[in-house]
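Just below is one structure, and these are the notes that go with it.
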């Protein structure tokens, strides 16, 4: 048994009702109700390890799908919709039970054919005429956590930029 | 006792001082371990710029894209390479390297991967369009300069670049960046001015502005 993962709090974004949260995780509505009463009381419920993993994985998938479709509600509905490629099961239902490679084509179809390949030497010779690259300050804003990590790594302030 | 994969990475990086080569070596080692688990990841962002343009001046983080759960990533980067984790970032202060897996799907839409050596990386044309989109969103000089150098790359497939730009609706900003990159001197005010002109009046004003120089 493990503690209910922190990611559980994110699920309401994609699954706004207890019914949809229960369906997405694969537990009963009564279980969801008990967890949420416990959370409201400041306790952290204990859940099966598989359930904890399913919740974490569900938030990973939902975040990426929302990034691509730009709609949190639509993301939740898609994750619960029966999929022809899964013979009527939903993506949420198979998460954690089958490898991610099974649902990957539903999120992004794989490209045709194998990728082209170049040797490192060929890339170097193809850029030989470019000369040295300029050293200039990054203007795009950078995530503060990332900027802090890059400073800890001793990264040049010019490429960290404003963070 | 450190994991064998970490020891191997340490050995390969021990005498390497060039930051871009260090990042390439780390990408080789890390991607191989993900591949061993059936997880295919592709280098994107500034680290992809450095793979295509080894003289590029970029940061010490490697951005990877591919279908992988945070648990999978943690098992490799923490479990095998002993990187520390902070949020969605994994890093190692001794190696001066950071790795992030910010997304599952390559951008721009329809982008494909190429392989340089053994490292899977976003294709040159799609990387240019990624830089074009970032410039189109911000006007930032650094992405304009990166795109300018990549547009002069000896391995660029111009026909594919034009097709892809058309497919994602980026032909106008690509053309504006080409014009900008052809200027003798590019600075931040000029990059932002061209960016504003493109947004307000389109390519005609960009052409008129840059042809006066």
Inset, instruction - Provide the percentage of antiparallel DSSP beta bridges, counting only those with both residues in the protein assembly as shown; round to the nearest 5. - result: 65
Inset, instruction - Please list the equivalent ellipsoid semi-axes of segment B:124-211, computed as the square roots of five times the alpha-carbon gyration tensor eigenvalues, in descending order and whole angstrom. - result: 19, 14, 11
Inset, instruction - Would you mind computing, in nm to one decimal, how far apart the modelled labels at residue A:102 and residue B:17 are, each placed 7 Å from Cα along Cα→Cβ? - result: 5.3
Legend entry - Rg and Dmax of segment A:2-107, Cα atoms only, in Å: 13.4, 42
Legend entry - Radius of gyration, Dmax [segment A:73-112; alpha carbons; angstrom]: 10.2, 31
Inset, instruction - Measure of size requested: the Rg and Dmax of segment B:77-133, with Cα atoms as the atom set and Å as the unit; please supply both. - result: 14.1, 37
Legend entry - residue A:9 paired with residue A:38, simple spin-label distance in nm, labels 7 Å along Cα-to-beta-carbon: 1.7
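Pairs of Cα atoms under 8 Å, at least six residues apart: use those to get the relative contact order of segment A:16-106, whole percent.
Reported as a whole number, the value is 25 percent.
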Legend entry - Scattering profile of segment B:131-171 at q = 0.19, 0.35 Å⁻¹ [log10 I(q)/I(0), Debye over alpha-carbon scatterers]: -0.58, -1.08
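So what is the calculated 222 nm ellipticity per residue for chain B, using -39500 (n - 2.57) for each DSSP H run with n of 4 or more, over all residues, to the nearest 500 deg cm²/dmol?
The per-residue figure over chain B is -16000 deg cm²/dmol.
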Inset, instruction - Post the alpha-carbon centroid distance, segment B:30-68 to segment B:129-144, in whole angstrom. - result: 20
Inset, instruction - Return the average number of partner chain Cβ atoms within 10 angstrom of each residue Cβ along peptide B:80-92. - result: 2
Inset, instruction - Pick out which of A:99, A:115, A:132 has the largest mean-square fluctuation in a Gaussian network model of chain A, springs linking Cα atoms closer than 10 Å. - result: A:132
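Rounded to a whole number of µm²/s, how large is the Stokes-Einstein D of the protein assembly as shown at 37 °C and 0.692 mPa s, given Rh as the Kirkwood radius over C-alpha pairs? Could you put the intermediate results ahead of the total?
Details: Rh = 22.5 Å.
For these conditions, the coefficient is 146 µm²/s.
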Legend entry - Span from the segment B:152-194 Cα centroid across to the segment B:85-128 one, whole angstrom: 22
Legend entry - Translational D in µm²/s for segment B:77-181 (Stokes-Einstein at 4 °C, 1.567 mPa s, Kirkwood Rh from C-alpha pairs): 84
Legend entry - Over chain B, equivalent-ellipsoid semi-axes from the Cα gyration tensor in Å: 36, 17, 14
Legend entry - Estimated D of segment A:46-163 in µm² per second, where Rh is the Kirkwood radius over Cα pairs and Stokes-Einstein applies at 4 °C, 1.567 mPa s: 69
Legend entry - Neighbour-count order for A:160, B:99, fewest beta carbons within 10 angstrom listed first: A:160, B:99
Inset, instruction - Specify, per residue and in Å³, the volume enclosed by the convex hull of the alpha carbon atoms belonging to segment B:169-213. - result: 61
Inset, instruction - Please work out how much length the chain gains when fully extended from residue B:36 to residue B:109, using 0.36 nm per residue of separation minus the C-alpha to C-alpha distance, in nm with one decimal. - result: 23.6 nm
Inset, instruction - Please tell me the relative contact order of chain B in percent, rounded to the nearest whole number, where contacts are Cα pairs under 8 Å and at least six residues apart. - result: 16
Legend entry - Length-normalised contact order for chain A - Cα pairs under 8 Å, 6+ apart - percent: 18
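Readers should treat all values here as calculations from the given coordinates under stated rules, not as data from a laboratory. Please read these numbers as outputs of a predicted model, since none were measured by experiment. Every residue, glycine among them, receives a Cβ derived from its backbone with ideal geometry; neighbour counts consider all protein chains shown.
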